[in-house]
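First comes the structure, then the notes that go with it.
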Amino acid sequence: MAVAFYVKSIVVLTPILLFTCSAKAASNDGSVLPFPPTPSASIAAPRLQDSKHQRRVEQDHLPKDAPNILIILLDDVGFGLPDTYGGPIHTPTLSRIANDGISYNAFHTTSICSPTRAALLTGRNHQRVGSGTIAERAVDWDGYTGVIPRTSASIAKVLGDYGYKTAALGKWHNTPATETTPMGPFTLWPTGEGIGFDYFYGFLAGETSQWEPRLFENFNPIEPPQVEKYHLSEDLADKAITWMRKQRAYSPDKPFLMYWAPGAAHGPHHIFKEWADKYKGQFDDGWDALRERTFERQKQLGWIPADTKLTPRPETMAAWNSVPENQRAFQRRLMEVFAGFVEHIDVQAGKVIDELDRLNIRDNTIVFYIFGDNGASAEGQNGSISELLAQNQIPNTIEQQIDAMNQLGGLDALGGPKMDNMYHAGWAWAGDTPFKYTKLIASHFGGTRNPMAISWPARIKPDKTPRSQFHHVNDIVPTIYDILGIKPPRVVDGFQQDPIDGVSMVYTFADATAPTRKVTQYFDNNGSRGIYHDGWFASTFGPLTPWLTISPGLAAWDSAKDKWELYKLNSDFSQAEDLAGKEPQRLSEMKSLFLKEAETNNAFPIGAGIWLRIHPEDRAKTPYRSWDFDATTTRMPEFAAPGVGRESNRVTIDAVFGENASGVLYALGGASGGLTLYMDDGHLVYEYNMMIIERYTARSAQKLSPGKHRIEVGTSIAKPGAPALVVLNVDGHEVARADVKRTVPAAFTASETFDVGVDLGSPVSLKYFDKRPFPFNGTINRVHVELQ
């Protein structure tokens, strides 16, 4: 099936050319990349006097006036959020692109971060390119390794060989989690040879603090600028503008490709208070009422068909009227913060668009504004001040959350640097109106259908009629190839290329009602799966319920026993009417087609994405069991660092201490969760920050005398998530101990690090929050870590 699609996509690509290529470009069709070097035009004779010098003319492989390409990809925002299309959140930049161009209301993602990005950048299905789950949950089945193969070259690699200048800014999330240290390997970094961007500025992980992000510029770890009011989204807009200006200055004859993918609005929801305050009172009546209002506005705008049905709330998701009155202010403020976060990132995108105007290149720049890499996220579950509680499946209560919040400044502190807050799943469900479910659910459009607007003033006439052709994120690459008259290469860097799975959308640019050219598309994530074929969609929910801390029956789930549903999409926009009982033969054929597509695309075993939820001990980690560090060890990603917070270990430190020594000896994690060993005015202190809601400390009664000392920290943990006993010894004598009631089984954070002699990023302990990064004022000679 996949090979047939490849052939079909070539048929679509070949005749629809928006440019006439030059004879030189046509002389080499680009089937093998990179292009061979242009031969010298000079003649070399034995004697200089007999030689002829003539500068070679480099071949131009692009059509004249090839457009600049800007891809904007927001994170964790749903179909029903932007006011551009009837939602409650002001999105002036999305509206601007939509008004200047065209919009799509049947565009799809994979329902989760890394897989969507891999499909977007390669034009292939996510499991074909090893990205069946997020990088941090990669496992060793071919479709789930987190390794994009060299046989599926990225759009950056291909366009770079054709002469484009390329840049990626923001969230990456497509490098294996254990390969993000200063030792690499760098092949799958954005500017690595396996991906091919010329420039990168952003973060490699799935999320990061917007206040203290763990940034990289190309291969170099950097700290965010020390400015009075820093925010990552604003930084990313500024860096995009700077890069475009440099590109115009240094290579004005070359077009560019920019992939601008900020971390917003993925958790943690971090935003300035004044942006959240813009939405005060707008969500007071809760998520059920918000969903109904959004649905009516969507119909009034003609964004969804008039006969669309509003799907019901899942039985396992709380109704707003079930939320106790004393918790509603908390839940409302979480949504206000999120709304401000979304509007703020859209405004930053607007700054990038403004720069296109300032550089006078807007007319010949095609902008793809994809509003979300999946549906809105339910991973905040019941509302949280520490959103990775959900990823770690740690039980907690709203009372615990609110109590911890009040100790950190109350409602006004939500969105600030001391919390990693995320809203209640009910708000996410409302943000996916009119569809069922949320991010992580690939069986229904609440997880996979995202708005997209495209503008290209030079070539696309503005049209407010929604494009309702069924399309997928893997269609962006073939669309760009089609625009440029490029055939997908057969060979790149010596690697025979996999077929392109997507199809071009160019046919929709001038015809809103053109029949859909995408015949088949499968979906799969965490065992939630579905398949589109010729206007029909068959699907099954799968084993994972994102808004529940523990999904019942997860370990015993059998994919062969799942119940499937069937929908006829041309008369059922929102998947409201299940026709499985009326069309058993069609459903059977669709299920068979899904299995065929799944096998072709390396999606087996179905449900591999939940493996680490059942077997956290198999998470990605380095093979080492012991390490030797010193004060040069900083920015070591948690997934490559010793698991000192999740398994038994002994840390031995040889250091020289001054009078009343202060500063961090070592730290792992950040404000949302982690552990730290530090000196406080001569006292040795250990703290285990259990995802903000619980903190455990041990402190020496006596100060350490000036001079050399050996400190040992022994930690005993029976298994990940179990209680821990932490014992502190100085020069062989116990000085303090801590009983940690429960530990974090998987990871404290997605992007914070292990640091020696300092606590970079967000600080683990509130005790030195105002002193961060709180460098140690003595000398650390050696830190030896042994996992036991």
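Restricting to DSSP H runs of at least four residues, report the calculated mean residue ellipticity at 222 nm for the chain, -39500 (n - 2.57) per run over all residues, nearest 500 deg cm²/dmol.
Estimated from H runs of four or more residues: -6500 deg cm²/dmol.
What number, in percent, do you get for the relative contact order of the chain if the mean sequence gap of Cα pairs under 8 Å and at least 6 apart is divided by its residue count?
That works out to 17 percent.
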Fill in the blank from the handout: In the structure shown, of K273/K418; K280/K351; K171/K254; K621/K719; K165/K518, the pairs separated by more than 20 angstrom at the C-alpha atoms are K280/K351; K171/K254; K165/K518
Handout entry: Extent along principal axes [Cα atoms of the range 736-788; Å; largest to smallest]
Key = 31, 26, 26
Exercise for the section: For the range 549-631, take the alpha-carbon Rg, divide it by the Kirkwood Rh, and send me Rg/Rh. Expected result: 1.20
Fill in the blank from the handout: Quick note, the range 684-788: a/c under 1.5 would make it rounded; otherwise a/b > b/c is prolate and the rest oblate (a ≥ b ≥ c, C-alpha gyration tensor); here it is oblate
Exercise for the section: State the extension gain, in nm to one decimal, for the chain segment bounded by Q788 and D558, taking 0.36 nm per residue of separation less the distance between their alpha-carbons. Expected result: 79.3 nm
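Listed highest first by mean packing, meaning other Cβ atoms within 10 Å per residue, what order do 575-581, 772-778 come in?
Output ranking for 575-581, 772-778: 772-778, 575-581.
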Problem - Inter-probe distance in nm under a simple model that places probes 7 Å from Cα toward Cβ, at D65 and T697 - result: 6.8
Handout entry: D_trans [Stokes-Einstein, Kirkwood Rh over alpha-carbon pairs] for the range 530-570, 20 °C, 1.002 mPa s, µm² s⁻¹
Key = 181
Practice task
Pop a pseudo-label 7 angstrom from the Cα along the beta-carbon direction at both E617 and Q226 and give the gap in nm to one decimal.
Solution key: 4.6
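If packing is taken as the average count of other Cβ atoms within 10 Å, what order do 425-433, 663-671, 342-350 fall into, highest mean first? Mind dumping the intermediate values first?
Numbers: 425-433: 30.7, 663-671: 27.0, 342-350: 24.1.
So the peptides 425-433, 663-671, 342-350, ranked by packing, come out 425-433, 663-671, 342-350.
Taking Cα atoms of the range 333-434, Rg/Rh with Kirkwood Rh, to two decimals? Write out the running numbers ahead of the final one.
Numbers: Rg = 17.5 Å, Rh = 15.8 Å.
Computed over Cα atoms, the ratio is 1.11.
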Exercise for the section: Figure the gain on full extension for Q407 and R710 (residue separation times 0.36 nm, minus the Cα-Cα span) and round it to one decimal in nm. Expected result: 105.6 nm
Practice task
Working from Cα positions, state the angle (0 to 90°, nearest 10) between the long axis of helix 398-407 and the longest principal axis of the chain.
Solution key: 70
Fill in the blank from the handout: In whole percents, the bins of 20 Å from zero upward hold the Cα-Cα pairs of the chain as 16, 49, 28, 6, 0
Problem - With Cα atoms, 0 to 90° folded angle of helix 325-358 axis to the chain main axis - result: 50
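Rounded to two decimals, what is Rg over Rh for the range 146-287 when you use alpha-carbon atoms and the Kirkwood radius?
Details: Rg = 17.2 Å, Rh = 16.6 Å.
Reported Rg/Rh (Cα atoms, Kirkwood Rh): 1.04.
Please say if the range 430-502 is rounded, prolate or oblate, where rounded means a/c under 1.5 for a ≥ b ≥ c the square roots of the C-alpha gyration tensor eigenvalues, and otherwise the choice is prolate for a/b larger than b/c and oblate otherwise? Display every interim value, and only then the final one.
Values: a/c = 3.63, a/b = 1.38, b/c = 2.64.
Oblate is the answer for the range 430-502, as a/c is 1.5 or above yet b/c matches or exceeds a/b.
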Problem - Translational diffusion of the range 506-655, µm² s⁻¹ [Kirkwood Rh, Cα pairs; Stokes-Einstein; 37 °C; 0.692 mPa s] - result: 168
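Taking 8 Å as the Cα distance limit and 6 or more residues as the minimum spacing, I'd like the relative contact order of the range 29-83 as a percentage.
Numbers: 27 pairs, mean separation 12.3, N = 55.
Relative CO of the range 29-83 lands at 22 percent.
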Exercise for the section: Mind pulling the per residue volume of the convex hull built on the Cα atoms of the range 44-199? Å³ is fine. Expected result: 196
Fill in the blank from the handout: Expressed in angstrom and ordered largest first, the alpha-carbon extents of the range 250-398 along the principal axes are 61, 40, 29
Practice task
Take the Cα radius of gyration of the range 666-717 and divide it by 2.2 N^0.38 Å, with N its residue count; two decimals is plenty.
Solution key: 1.23
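Just by accessible area at a 1.4 angstrom probe, what is the order of T479, T633 from largest to smallest? Before the final figure, lay out each step's value.
On the way: T479 0, T633 25 Å².
So, going from the largest accessible area down, we get T633, T479.
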Handout entry: C-alpha long axis of helix 113-122 to longest principal axis of the chain, angle in °
Key = 30
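How much length would be gained if the chain were fully extended between A514 and Q585, taking 0.36 nm per residue of separation minus their Cα-Cα distance, in nm to one decimal?
Working: separation 71, 0.36 × 71 = 25.56 nm, distance 2.90 nm.
Gain on extension, A514 to Q585, equals 22.7 nm.
Using only alpha carbons, build the gyration tensor for the range 362-416 and give me the equivalent ellipsoid semi-axes, biggest first, whole Å. Kindly include the intermediate steps, with their values, before the conclusion.
Details: eigenvalues 240, 54, 11 Å².
Ellipsoid semi-axes (Å, largest first): 35, 16, 7.
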Problem - Calculated on alpha-carbon atoms, Rg and Dmax of the range 615-719 in Å - result: 14.6, 47
Fill in the blank from the handout: Given the candidates M422, I89, A106, the one whose Cα lies deepest towards the positive end of the charge dipole of the chain, counting +1 at each Lys or Arg C-beta and -1 at each Asp or Glu C-beta, is A106
Handout entry: Per principal axis, descending, Cα span of the range 118-174 in whole Å
Key = 36, 24, 14
Exercise for the section: Compare the peptides 730-740, 411-421 by average per-residue count of other Cβ atoms within 10 angstrom and give them in order, highest first. Expected result: 411-421, 730-740
Fill in the blank from the handout: For the chain, percent of DSSP beta bridges that are antiparallel (nearest 5) comes out at 75
Fill in the blank from the handout: Surpassing 26 Å at the alpha-carbon level, of the pairs K157/K596; K64/K487; K157/K246; K436/K563, are K157/K596
Exercise for the section: Using DSSP to define loop residues, name the trypsin sites (Lys or Arg not before Pro) in the range 242-327 whose beta-carbon has at most 16 other beta-carbon atoms within 10 Å. Expected result: K278, K280, K309
Practice task
Leaving ligands, DNA and RNA out of it, rank D493, D60 by accessible area with a 1.4 Å probe, largest first.
Solution key: D60, D493
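The values are calculated or read from the model by the stated rules, or taken from the named source; none is laboratory data. Predicted model only: the values in this text are computed from it and were never measured. Please note: Cβ atoms are built from the backbone with ideal geometry, for glycine as well, and neighbour counts cover all protein chains shown. Quick note on the areas: whole protein, heavy atoms, side chains included, nothing else; ligands and nucleic acids left out. Shrake-Rupley method; radii C 1.70, N 1.55, O 1.52, S 1.80 Å.
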